[in-house]
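Notes to accompany the following structure.
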Amino acid sequence: MKTIDILVGTTSGNTEYLADQLQQLLDADGRQCRVHYEPDLVDLDNTGIWLICVASHGAGDYADSMLQFAEQLAACETRLDDLRYAVIAVGESCYDTYCAAGRDADQRLQQLGAKSLVSRLEIDMLEDDPEVKASHWLPQFSQAVAQLPEPD
Ligand SMILES: Cc1cc2nc3c(=O)[nH]c(=O)nc-3n(C[C@H](O)[C@H](O)[C@H](O)COP(=O)(O)O)c2cc1C
């Protein structure tokens, strides 16, 4: 079974908490997950499955724990054609740059040839209960993962 790499982009902890909850739900669903609290492109399997959970900060910047990863992704020259991924973008709708980091990660991964497993989930911390919203979205993600061919 392929491991799901959960990549966490957080500054004040909300997205880390959410990612931990998602890990538990996926574990309970029989999936293997690895959580990366400070993801580093060099350490990640770029032929695997990534679930990117990232909050926006600054003026649409990536949250602190993903700043290095954001730079690496921007500078990446390797094609990521074998990567499958999904993005959960966390933000607040009062910002013009609502969920900009998650939107950027999604766009950049597509540019690099990675395949999105399901449409990006955007969580508005002003309106949504993040755990509830994510738990409603998660089955689509799990189903898409289940349909991937098993590794040899
Ligand atoms: C200084 C600051 C800047 C922020 N900038 C944005 C932004 O540009 N876009 C957005 O959608 N949300 C923005 N937010 C909202 C955060 O994404 C939101 O508070 C989120 O819950 C933070 O998640 P974290 O605790 O995982 O860091 C900002 C929050 C702060 C405190």
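The values are calculated or read from the model by the stated rules, or taken from the named source; none is laboratory data. Here the structure is a predicted model, which is why all the values come from computation and not from measurement. Cβ: placed from backbone, ideal geometry, glycine included. Neighbour counts: every protein chain shown. To get the accessible areas, we keep the full protein, side chains included, count just its heavy atoms, and leave off ligands, DNA and RNA. Shrake-Rupley method; radii C 1.70, N 1.55, O 1.52, S 1.80 Å.
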_FRET efficiency for MET1 and ASP129, using Cβ-Cβ distance with R0 set to 30 Å, rounded to 0.05_ = 0.50
*asked:* I'd like the accessible area for ASP61: 1.4 Å probe, protein heavy atoms, all chains in place, Å² to the nearest 10.
replied: 80 Å²
_ASP40, ASP104, ranked by accessible area, largest first (probe 1.4 Å)_ = ASP104, ASP40
*asked:* Shape verdict for the chain, please, from the Cα gyration tensor: rounded (a/c under 1.5), prolate (a/b greater than b/c) or oblate.
replied: oblate
*Could you give the dipole magnitude of region 1-146 about its Cα centre, charging the beta-carbon of Lys and Arg +1 and that of Asp and Glu -1, in debye to the nearest 20?*
580 debye
*Given the protein chains as shown and a 1.4 Å probe, how many square angstrom of GLU71 are accessible, to the nearest 10?*
130 Å²
*In region 65-132, carbon and sulfur make up what percent of the accessible area (probe 1.4 Å)?*
42 percent
*Can you give me the relative contact order of region 69-152 as a percent, contacts being Cα pairs under 8 Å and 6 or more apart?*
31 percent
_Accessible surface, per residue, of region 4-146 when the full set of protein chains is kept, probe 1.4 Å, Å²_ = 47 Å²
*asked:* I want the local charge near GLU38. Using Cβ-Cβ distances under 12 Å, sum +1 for each Lys or Arg and -1 for each Asp or Glu among the other residues.
replied: -4
_Calculated from backbone phi, Karplus (6.51, -1.76, 1.60) coupling profile of region 87-93 in Hz, x at Gly/Pro_ = 10, 10, 9, 10, x, 10, 5
*asked:* I'd like the distance separating the alpha-carbon centroids of region 90-140 and region 3-75, in whole Å.
replied: 12 Å
*Take every Cα pair under 8 Å in region 1-40 that's 6+ residues apart, average their separations, divide by the length, and report that relative contact order as a whole percent.*
57 percent
_Helix-only mean residue ellipticity at 222 nm for the chain, each DSSP H run of n ≥ 4 adding -39500 (n - 2.57), per residue, nearest 500_ = -11000 deg cm²/dmol
